[in-house]
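Single-structure report; data block below.
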Amino acid sequence: MPRYLFHIHLSGRISRDDHGAFHANDSQAVTNGRSIADRIAEDDRHRSVIVTVERAGGIVLARVTARRAM
C-alpha cells in the first residue's frame, strides 16, 4: 500500500506531516484528508483549515477543506 502525507494549513502556518499513513488508493487518502480537516474544524476557530494530501514522493493529490468551512 502506498504512503500518504497530510499537511495542515491553518492560521497562516503549515504543519508538515513527516510520517504519513498507508492507504489502499488515492481516493481513500483524500477521504482521510477530509476527515482530518473535519476533526480540526470542530473547533469553530479553525474552520478555515486546509489539508494537503500528498502521495509520498511529492505528488499532491488534493487540497481539501472541512465540510464546515467558512
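Against the definition (surrounded by 12 or more Cβ atoms within 10 Å (Cβ to Cβ) and more than 9 Å from the chain's Cα centre (by Cα)), how does residue 55 come out, yes or no?
yes
Based on this model, can you work out whether residue 36 counts as open to solvent by less than 40 Å² (accessible area, probe 1.4 Å) and within 12 Å of residue 67 (Cα to Cα)?
Judged against the criteria, residue 36 is a match.
How many residues, within the stretch 38-60, are out of contact with any Lys or Arg (no Cβ under 6 Å at 6 or more places or on another chain) and within 18 Å of residue 19 (Cβ to Cβ)?
10
Between residues in the stretch 27-55 that are within 15 Å of residue 10 (Cβ to Cβ) and modelled with pLDDT of 95 or more and residues that are among the aromatic types (Phe, Trp, Tyr) and surrounded by 20 or more Cβ atoms within 10 Å (Cβ to Cβ), which pairs lie under 7 Å by C-beta distance while being six or more apart or on different chains?
33/6; 36/6; 51/6
What are the residues in the stretch 9-68 that are part of a helix (DSSP H, G or I) and either among the basic types (Lys, Arg) or touching a His at 6+ places or on another chain (Cβ under 7 Å) (or both), if any?
29, 32, 34, 39, 40, 45 - these are the residues of the stretch 9-68 that are part of a helix (DSSP H, G or I) and either among the basic types (Lys, Arg) or touching a His at 6+ places or on another chain (Cβ under 7 Å) (or both).
The values are calculated or read from the model by the stated rules, or taken from the named source; none is laboratory data. Keep in mind that what you see is a predicted model, and the values were worked out from it rather than measured. We place every Cβ from the backbone using ideal geometry, glycine too, and count neighbours over all the protein chains shown. With ligands, DNA and RNA removed, areas are computed over all heavy atoms of the protein, side chains included. Shrake-Rupley method; radii C 1.70, N 1.55, O 1.52, S 1.80 Å.
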